[in-house]
1. State all residues of region 201-230 that are within 12 Å of the ligand (Cβ to nearest atom) and touching a helix residue (DSSP H, G or I) at 6+ places or on another chain (Cβ under 7 Å); if no residue qualifies, say none.
2. Mind checking which strands (runs of 3 or more DSSP E) fall wholly inside region 43-128 and carry at least 3 residues that are among the hydrophobic types (A, V, I, L, M, F, W, C)?
3. List every residue pair whose Cβ atoms lie under 8 Å apart, where the two residues are 6 or more positions apart in sequence or sit on different chains, the first residue falls within region 199-218 and is over 17 Å from Gly60 (Cα atoms), and the second residue, located anywhere, is within 14 Å of the ligand (Cβ to nearest atom) and of a type in the set (D, E, K, R).
4. Filter region 15-43 down to residues that are more than 16 Å from the ligand (Cβ to nearest atom) and within 27 Å of Ala67 (Cα to Cα), then give me how many there are.
5. Criterion first (buried (at least 19 other Cβ atoms within 10 Å of the Cβ) and in contact with a helix residue (DSSP H, G or I) (Cβ under 7 Å, 6 or more places away or on another chain)) does Val108 satisfy it?
6. For region 25-73, how many residues meet the condition of being surrounded by 16 or more Cβ atoms within 10 Å (Cβ to Cβ) and on the phi > 0 side of the Ramachandran plot?
7. Here is a check on your reading of the model: is Leu79 away from the ligand (no atom under 14 Å from the Cβ), in contact with a strand residue (DSSP E or B) (Cβ under 7 Å, 6 or more places away or on another chain), at pLDDT 95 or above and not hydroxyl-bearing (Ser, Thr, Tyr)?
8. Within region 114-128, can one find any residue that is within 30 Å of Thr15 (Cβ to Cβ) and either surrounded by 15 or more Cβ atoms within 10 Å (Cβ to Cβ) or of a type in the set (D, E, K, R) (or both)?
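The values are calculated or read from the model by the stated rules, or taken from the named source; none is laboratory data. Treat the numbers as computed from the prediction; the structure is a model and nothing was measured. We place every Cβ from the backbone using ideal geometry, glycine too, and count neighbours over all the protein chains shown.
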Amino acid sequence: MTDDRRAETAANLETVRERIAAACASAGRPADEVTLVVVTKFFPASDVRILADLGVRTVGENRYQEASAKAAECADLGLSWHFIGGIQSNKAASIAGFADVVESVDRVKLVGALDRGAEAAGRTVDCLVQVSLDPAGDGRGAAGRSGAGPDEIGAVAEAVAAAGSLRLRGLMAVAPLGEPARPAFERLAGIARDFRADHPAATWVSAGMSGDLEDAVACGATHVRIGSAVLGTRPLIK
Ligand SMILES: *Cc1c(COP(=O)(O)O)cnc(C)c1O
């Protein structure tokens, strides 16, 4: 761990924490209502160690292979690992073996495998249903952004709620490309309100990234997923 990398990360982290606090203050919300999930995809395990040393408790990853390897390498840190990426059916059980929270549950078909994976690992895994904020309500939005349509989330939620080793915690969404984040997050707030009427304990709303966390907090997000504002620009390779 180089001292330069640590100092740079510490400064970025401080700026992001201040942004979250300011957004909470202007929304009249207590700052401890919003959990910072630092998205570590594309960055090495050494950065996860720096983050843990700087007090970060929750990290997010979006690709199965990278996530499982990094979580294993950093198992001693006691972090909470959030899986935030698209889930292939044949990877769902394995993801439930290491992720503490699976934020991207977007179809009923994944639920059985997630539940089996969690049970086999002897764990209970928190789940969020990913909802598409595409204005068209299209479940498979442009640019490969996934998420269940607002009319599909009820079925996914019920499957999660009925699963013995999963716990339904709320909703996750990504602002769609090609429109400002604010109206999309306002739609999300309405969807989340309806969702809580059916599932009162499912109070988490994960929304907001480096560029739009203020809008997300204003619209009721309980979790923000921040990558580049903390760790810098990701390499462009995929
Ligand atoms: C990469 C990613 C983020 C973080 O994005 P930044 O713009 O780097 O903050 C948040 N959510 C999801 C689903 C992601 O894939």
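1. The initial filter retains those residues of region 201-230 that are within 12 Å of the ligand (Cβ to nearest atom), namely 206-213, 216, 221, 223-230.
Correct list: Ala207, Gly208, Ser210, Asp212, Leu213, Ala216, Val224, Ile226, Ala229, Val230.
2. In region 43-128, the matching strands (runs of 3 or more DSSP E) lie at 101-105.
3. Glu214/Arg19
4. 2
5. On the way: buried (at least 19 other Cβ atoms within 10 Å of the Cβ): no; in contact with a helix residue (DSSP H, G or I) (Cβ under 7 Å, 6 or more places away or on another chain): yes.
No, not satisfied.
6. Going through region 25-73 one residue at a time, the tally reaches 1.
7. Values: away from the ligand (no atom under 14 Å from the Cβ): yes; in contact with a strand residue (DSSP E or B) (Cβ under 7 Å, 6 or more places away or on another chain): yes; at pLDDT 95 or above: yes; not hydroxyl-bearing (Ser, Thr, Tyr): yes.
Judged against the criteria, Leu79 is a match.
8. So the first thing to find is which residues in region 114-128 are within 30 Å of Thr15 (Cβ to Cβ), and the list is 126, 128.
Remaining after also requiring either surrounded by 15 or more Cβ atoms within 10 Å (Cβ to Cβ) or of a type in the set (D, E, K, R) (or both): 126, 128.
Yes, region 114-128 contains a residue that is within 30 Å of Thr15 (Cβ to Cβ) and either surrounded by 15 or more Cβ atoms within 10 Å (Cβ to Cβ) or of a type in the set (D, E, K, R) (or both).
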